[in-house]
Every structure is written in structure tokens, then in C-alpha cells.
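Enquirer: Before I ask anything, here is the structure I am working with.
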Amino acid sequence: MTEHDYPIGSPGLPWGAVEKAAWLAKQTIQRSYQQQVVSKIEKIRSQMAQQRSIEQYGELAYAPHSYPLWAIKSRNWQADKPTILITGGVHGYETSGVQGALRFVDSELENYAGAFNFIVAPCVSPWGYETVNRWNPLAVDPNRSFNAASSAQEAVNLMRYVNGLNVPVTAHIDLHETTDTDNSEFRPALAARDAIEQKAWDIPDGF
């Protein structure tokens, strides 16, 4: 697929500020981060206070909304145990990563708490979750932005938080999935944004 397959931009030219603004103007809220994610974190806080610690590690201000960023940690932290980091919703539209991380905390984490410390960030990109997007409002992919020069606040906030804990992370499990909109929307948009031809995924929906 090429940039010709997408209605924004000019063939052969990567997007600039005008094209990114046009893309952003097309995005709409389709579901609620507060209702589908934060409410479940609050339930975990109220029902599992002895086993889980809930920490706000940042906030994203994407007008007209703000999105608090939450991490869930093992309450009985032990320095001699290996630490596991679990992240979901780095690509906000990948629903199963977000809900899977929350379900793990709710029903399975305790089965492994004797052997590991856990840090779980269930929804790294809440704006992407609400608008069902791979990118953030700046048309930046947070999953490609975990580096020192990052322009994605989703990545910056998480890196700052994890580094600030000053604990070695033994393993990082990042929860992703393939959606049926990858080939219909997101890869054509990527081709247009970067003016580079992209191949269609030969990956089944939900993989």
C-alpha cells in the first residue's frame, strides 16, 4: 500500500503540521478510559489494598482532556525477588493488552507474588485507548518512542517512573495484538505519514 491509499497528504511528501492537524481533526472519542480502565483500577485499590499498591506516575494533557497514568505494584515488595514489568495499551487501540493486564492483576498476580515483584502499567496510551488509535495526538507511535530523545509523553512518563524506582527489571512483558483495522486504517495512514510504501499485514485479527 502507498500514500495514495489514504485521504490525507500528497504523494511522495511526508506529513507536516497541516497534515497531522487534519488527521487529528478526524479522531473522535469512542470509549471511556475512566469507565473501562480507571474504574477497574479503583476497584483493585479498594478490594486489594493489602496486596496491591496503586501509584499515579504521570498525566497526559491532550485538550480538552487530561489522562492520569496509573501503575499497579506488588504491595509486599522484596528486594531479593526479581521484578517483572508488564505494560498494556502502549498502542491504545489494542484492547486485549489493556484489559488483559487488568485481569492479570485482578485474578492471577497473587499466584506469582511469592516469587516476583510486579509493576503493571495497564494503559500507557489512554488517549489512544479512547479514540482507538495506534498513535498519540501528534501522530507519533509511542511504541517506537522509548528512547532518550522521545517526543511521546506516553513513553517519557513511563520511562521516568520505572527509572525512578531504581530497581533492576528482570523481564518486561509488553502486551500487544493485531486488529483488523491495521490493514484498513493504520498501515495506509503510516504510508501516507512517512511517504513510504507499506506492506499489508498477513496476520489474523486478534493475534
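The values are calculated or read from the model by the stated rules, or taken from the named source; none is laboratory data. All figures in this text were calculated on a predicted structure; none of them were measured in a lab. With ideal geometry, Cβ positions are generated from the backbone for all residues, glycine too; neighbour counts draw on all protein chains shown. Ligands, DNA and RNA are stripped out before the accessible areas are found, and what is left, the full protein with its side chains, is counted by its heavy atoms. Shrake-Rupley method; radii C 1.70, N 1.55, O 1.52, S 1.80 Å.
Enquirer: Would you check which residues across the range 167-193 are among the polar types (S, T, N, Q) and modelled with pLDDT of 95 or more and list them? Write out each step before concluding.
Expert: Let us first name the residues in the range 167-193 that are among the polar types (S, T, N, Q), namely 170, 178-179, 181, 183-184.
Selection gives THR170 alone.
Enquirer: A further question follows. Can you pull out every residue in the range 129-171 that is part of a loop (DSSP other than H, G, I, E, B) and among the acidic types (Asp, Glu)?
Expert: Passing the criteria: only ASP141.
Enquirer: I would also like to ask the following. Check PHE186 against each of (1) touching a helix residue (DSSP H, G or I) at 6+ places or on another chain (Cβ under 8 Å); (2) part of a helix (DSSP H, G or I); (3) hydrophobic (A, V, I, L, M, F, W, C) and name the one condition it does not meet.
Expert: Tallying (1) touching a helix residue (DSSP H, G or I) at 6+ places or on another chain (Cβ under 8 Å); (2) part of a helix (DSSP H, G or I); (3) hydrophobic (A, V, I, L, M, F, W, C), PHE186 fails exactly one: (1).
Enquirer: Within the set of pairs 6 or more residues apart or between chains, which connect a residue that is closer than 16 Å to TYR67 by Cα inside the range 126-149 to a residue that is part of a loop (DSSP other than H, G, I, E, B) and basic (Lys, Arg) with Cβ atoms less than 9 Å apart?
Expert: GLY128/ARG134; TYR129/ARG31; GLU130/ARG31; THR131/ARG31; VAL132/ARG31; PRO142/ARG134
Enquirer: Take ALA61 and decide whether it is buried (at least 22 other Cβ atoms within 10 Å of the Cβ) and under 17 Å from the mean Cα position of the chain (by Cα).
Expert: No: the conditions fail for ALA61.
Enquirer: How many residues does the range 38-58 hold that are closer than 19 Å to LEU109 by Cβ and open to solvent by 60 Å² or more (accessible area, probe 1.4 Å)?
Expert: 8
Enquirer: Residue by residue through the range 107-139, note down the ones that are within 18 Å of THR178 (Cα to Cα), out of contact with any Leu (no Cβ under 7 Å at 6 or more places or on another chain) and open to solvent by less than 40 Å² (accessible area, probe 1.4 Å).
Expert: CYS123, SER125, GLY128, TYR129, GLU130, THR131, ASN133, ARG134, TRP135, ASN136, listed by residue number.
Enquirer: Right, something else. Hey, any hits in the range 198-207 for a residue that's open to solvent by 60 Å² or more (accessible area, probe 1.4 Å), assigned to a helix (DSSP H, G or I) and farther than 27 Å from LYS73 by Cα?
Expert: The answer is no, given that none of the residues of the range 198-207 is open to solvent by 60 Å² or more (accessible area, probe 1.4 Å), assigned to a helix (DSSP H, G or I) and farther than 27 Å from LYS73 by Cα.
Enquirer: Hey, another quick one. I'm trying to understand the selection: among the residues of the range 74-95, which are surrounded by fewer than 17 Cβ atoms within 10 Å (Cβ to Cβ) and at pLDDT below 95?
Expert: Listed by number, the residues that qualify are ARG75, ASN76, TRP77, GLN78, ALA79, ASP80.
Enquirer: Return only the number of the condition from (1) over 23 Å from the mean Cα position of the chain (by Cα); (2) open to solvent by less than 40 Å² (accessible area, probe 1.4 Å); (3) at pLDDT 95 or above; (4) not polar (S, T, N, Q) that LEU13 does not satisfy.
Expert: Condition (2) is where LEU13 drops out.
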